[in-house]
1. Could you list, in sequence order, all residues of the stretch 104-138 that are in a loop (DSSP other than H, G, I, E, B) and touching a strand residue (DSSP E or B) at 6+ places or on another chain (Cβ under 8 Å)?
2. Would you tally the residues in the stretch 166-191 being at pLDDT 95 or above and more than 22 Å from residue 85 (Cβ to Cβ)?
3. So in the stretch 84-102, with the set limited to residues that are surrounded by fewer than 15 Cβ atoms within 10 Å (Cβ to Cβ) and more than 14 Å from the chain's Cα centre (by Cα), which one is farthest from residue 189 (Cα to Cα)?
4. Hey, can you tell me all the residues within the stretch 138-169 that are touching a residue at least 60 places away in the same chain (Cβ under 8 Å) and closer than 17 Å to residue 233 by Cβ?
5. Go through the stretch 187-210 and give me each residue that's surrounded by 20 or more Cβ atoms within 10 Å (Cβ to Cβ) and touching a residue at least 60 places away in the same chain (Cβ under 8 Å).
6. Just checking, does the stretch 126-133 include any residue being crowded, with 20+ Cβ neighbours inside 10 Å, under 21 Å from residue 242 (Cβ atoms), touching a residue at least 24 places away in the same chain (Cβ under 8 Å) and touching a helix residue (DSSP H, G or I) at 6+ places or on another chain (Cβ under 7 Å)?
């Protein structure tokens, strides 16, 4: 009798143990276990084949200036056109970079082969022709600043705004994305000695007078002429020349007008940035 009762209790114990193990297994299957995400050195979190880019850390120099108007500007339809119009009302596509930037074989006021030494190929060739023509007339020109990326323009504009205030800075410096320098078709020039480079004292110099009289012969115009500030939005800059091609440059120069006046309202744009 005792032996039979002992076997009964052993069996009952085994049944209870089995039920406990079964309930534990069911609970584990119903409760998902958290998976540890694998974050690589580039800041990318990978989990079950899904990549989530973590937000990059930036400094103040790379942030957009506080200008809601700049973000809502229409964008030029053909930024690669030699006659492209870029100003305070029409901007380039975001982070636009010309595909044919080269280093023109001319004198600059600095020695380094850096970004601002470049121009688009057609403009660079025209610049070489113009510098050679000036040299024959006894005028020795030098490049000051050519192509400028949007990122670089952000830094420059923010520095000017911090120094002189944003409203004053807008009279002589462009918001990122609206600078002619970014087209690769514009360049600031000076005399070979670098005196008055990109400064108001350049006006009236032999170099400035030669440019006003002869730049169009090589396809360049004085982009921001005197007395046209209300149209261009920028103060007089006799050092800032812009390549538009010989035919158009001669027409604009002969009529004494600006690029804005030449195009009027006929510039095709898109409202999509």
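The values are calculated or read from the model by the stated rules, or taken from the named source; none is laboratory data. Quantities reported herein were computed from a predicted structural model and do not represent experimental measurements. All Cβ positions, glycine included, derive from the backbone under ideal geometry; neighbour counts span all protein chains shown.
1. Initially, the stretch 104-138 is screened for residues in a loop (DSSP other than H, G, I, E, B), giving 104-107, 109-114, 118, 137-138.
Once the filter is applied, which keeps residues that are in a loop (DSSP other than H, G, I, E, B) and touching a strand residue (DSSP E or B) at 6+ places or on another chain (Cβ under 8 Å), the stretch 104-138 yields 104, 106, 107, 109, 118.
2. Residues that pass the stated criteria total 2.
3. We begin by selecting, within the stretch 84-102, every residue surrounded by fewer than 15 Cβ atoms within 10 Å (Cβ to Cβ); these are 89, 94-95, 97, 99-100.
Still in the list and also more than 14 Å from the chain's Cα centre (by Cα): 89, 100.
On the way: 89: 25, 100: 21 Å.
Top of the filtered list is 89.
4. 157, 161, 166
5. Answer for the stretch 187-210, where residues must be surrounded by 20 or more Cβ atoms within 10 Å (Cβ to Cβ) and touching a residue at least 60 places away in the same chain (Cβ under 8 Å): 187, 190, 207.
6. Step one: list which residues in the stretch 126-133 are crowded, with 20+ Cβ neighbours inside 10 Å, which gives 126-127, 130-131.
Imposing the further condition that a residue be under 21 Å from residue 242 (Cβ atoms) reduces the set to 126-127, 130-131.
In the following step, the residues that additionally are touching a residue at least 24 places away in the same chain (Cβ under 8 Å) were identified as 126-127, 130-131.
Filter once more, so that each one left must be touching a helix residue (DSSP H, G or I) at 6+ places or on another chain (Cβ under 7 Å): 126, 130.
Looking through the stretch 126-133, at least one residue is crowded, with 20+ Cβ neighbours inside 10 Å, under 21 Å from residue 242 (Cβ atoms), touching a residue at least 24 places away in the same chain (Cβ under 8 Å) and touching a helix residue (DSSP H, G or I) at 6+ places or on another chain (Cβ under 7 Å).
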